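A.B. asks: Take this structure, written in structure tokens, and hold onto it; I'll ask about it next.
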Amino acid sequence: MATTESNNNSSTIEKKQLLYILTIEDLQHEAMERIGRELTDDEIAIAKDRFEWGFEFPRDIVYDVLFNEEIRK
């Protein structure tokens, strides 16, 4: 019985682990790679909104939407 409790506790901890972290530094690095400059504060706010919207999509699709459609408008 102790083993079952241990497994349940372990499973709960695993479910609470972060799966993905994106920092502003990560975003700025990607901006430099893709558009040759860092983002402004307004563009970072747009990026934050788009990433929240896009968590259901693969990261590359989100980057494409962000940099190709939104930031270059």
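Where a number appears in this text, it was derived from the coordinates with a stated rule and is not lab data. Computed from a prediction, not measured in an experiment: that's the story for all the values here.
A.B. asks: On each of the three principal axes of the Cα atoms of the range 17-70, give max minus min coordinate, whole Å, ordered largest first.
C.D. replies: Each principal axis gives a Cα extent; for the range 17-70 these are 32, 21, 19 Å.
A.B. asks: Which whole-Hz ³J(HN,Hα) couplings does the range 25-40 yield from phi under the Karplus relation 6.51 cos²θ - 1.76 cosθ + 1.60, θ = phi - 60°, glycine and proline marked x?
C.D. replies: 4, 4, 4, 5, 4, 5, 4, 4, 5, 8, 10, x, 7, 7, 7, 7
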